[in-house]
Amino acid sequence: MKTLFASFLVAVTLFSPLANSHAAEDAAQNRLVLGVNDCIRIALKSAPELGEAQADIELTSSKLDEARSNRYPQIQVLSLFGPAPQASTRDITPVITTDRRTKLSELTWFTSADVTLIQPLYTFGKISENMKAATHGIEVDRSRKEQRVNEIALQVREYYFGLILARELKEVVLDVQEDLATSRKKAQKLLDEGSESVDQIDIYKLDAFSGEVAKLLVEAQTGEKLALAALRTRMGLSAGTLLEISSERLTMDKESVPSYDNFVDKAHSQRPEFRQIAEGLKARAALVEAAKANYYPDIFLGGLFSFAYADDRDRIYNPYITDPYKHTSGGVALGARWKLDFGITGAKVAGEQAQYNRLLSTKEFADANIPLQIRKFYLDLKAAENSVTASQTAYTNAKKWTVTALANFDFGIGPAKEIFDALQAYARMRAAYFQSIYNYKIARANLDYAVGEPPPDGAK
């Protein structure tokens, strides 16, 4: 019975941190009867983590748009309006007057507009490599979102099967409580009839045992409520939502378990973390090349148009003289823009290369530890499978023992102590049986997560 008590404590400890619920609403809402896939589907729709992941995808997409935009012309316009001195062509013909002064009373106004257009032609990879990095970065963020989807599905399955386990354990306690109540009535009847097979101490023992079982029942009911609250919270439902699960019993899966190697192969092909690393390495390699491209110039086609007008100034038509206040000019040219520095570009290349090397180490870690993680969950699954078979045989025999002990006690040929021992063994092994099935379910859920198995279509 202590083992059963410990099982309840584990269940309460498991679900107590997850029992936060929303503010109570009107209880008169529709009653939801959901299976595990339904619960996963609702949880995915309301999960704030997926909203964050989608925002990361959109952020990286904006970086791709920014990189693409660098392929298009960039136009810069500078417009001015202000005072300008008056000027006449007679001040430079037949000779240039060098003592001409500007008086405030002779100021006029001017306006100008200078338009510069630069069309990149070749950047040695600055644009293309940044585009490539952003493209792979989007795939990294999408894989992260898939990883969070799988994490949410795993949590829902833990809470869902935890709720069923709590209810199964409660039923075990109720069965024991019912048998104890029947034995208590029979013992009291035999005592009243003066039977020598029962004394007052047996009544005290039955009452004491009944009190312990009643305590376990309260803990089981509390564990059930906490498990239900955890599931409701994970699904984003309010505290007033009437939620019920469609599964009534913990039963073993009928499908056979694939081999360990099958799980490892599947993990390499579909686990999001492997795709994150693969796409991340491509993105980091592109960023390294983009940083190296800063060693080289940008080749571009440039265009310039400049216009200025001022009142009370004569226009000068001479290619050797440009009037900044009154002119119209423009042109097109092929240009090169080259930024030379002393170590800055090299430091940036080294930084990007360090990030790439860091991700290589992450890949080595994942290659070694993800198969190890799968091995652990696979062994847990096999251990739980064997435990189910063993505990099922044990609790079946314990049930027969209990029935025999109760029958012997009813006939007045068996001691009350035999009832205690039989009921304790039955409750302990029955609880162990359901705990083993729960462990099997969780181990299989962990395996599905470890190989990157997406939620069933009905849960998406």
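The values are calculated or read from the model by the stated rules, or taken from the named source; none is laboratory data. In this text, all values refer to a predicted model and were calculated from it rather than measured experimentally. Every residue, glycine as well, gets a Cβ built from its backbone with ideal geometry; the counts of neighbours run over all protein chains shown.
Results, tabulated for the structure shown:
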item	result
Index of the failed condition, Ala286 passing every other in (1) farther than 30 Å from Leu117 by Cα; (2) in contact with a Lys or Arg (Cβ under 7 Å, 6 or more places away or on another chain); (3) at pLDDT 95 or above	(1)
Odd one out for Arg284, checked against (1) in contact with an Asp or Glu (Cβ under 8 Å, 6 or more places away or on another chain); (2) surrounded by 19 or more Cβ atoms within 10 Å (Cβ to Cβ); (3) assigned to a loop (DSSP other than H, G, I, E, B)	(3)
Counted residues, segment 409-444 - those being surrounded by 23 or more Cβ atoms within 10 Å (Cβ to Cβ), closer than 30 Å to Ser46 by Cβ and not aromatic (Phe, Trp, Tyr)	2
Residue check, Val218 in a helix (DSSP H, G or I) and either of a type in the set (Val, Ile, Thr) or over 27 Å from the mean Cα position of the chain (by Cα) (or both)	yes
Some residue of segment 169-190 being in the same structural domain as Ser436 (by TED's automatic domain parsing), within 20 Å of Pro456 (Cα to Cα) and buried (at least 16 other Cβ atoms within 10 Å of the Cβ)	no
Subset of segment 358-392 (residues that are exposed (fewer than 12 other Cβ atoms within 10 Å of the Cβ) and either outside any helix (DSSP H, G or I) or among the hydroxyl-bearing types (Ser, Thr, Tyr) (or both))	Ser361
Contacts under 6 angstrom Cβ, first residue in segment 304-326 being farther than 14 Å from Ser112 by Cα, partner among the β-branched types (Val, Ile, Thr) and surrounded by 16 or more Cβ atoms within 10 Å (Cβ to Cβ), 6 or more apart	none
Which numbered condition Thr93 fails, given (1) out of contact with any strand residue (DSSP E or B) (no Cβ under 7 Å at 6 or more places or on another chain); (2) under 19 Å from Tyr309 (Cα atoms); (3) free of Cβ contacts under 8 Å to residues at least 24 places away in the same chain; (4) of a type in the set (Ser, Thr, Tyr)	(2)
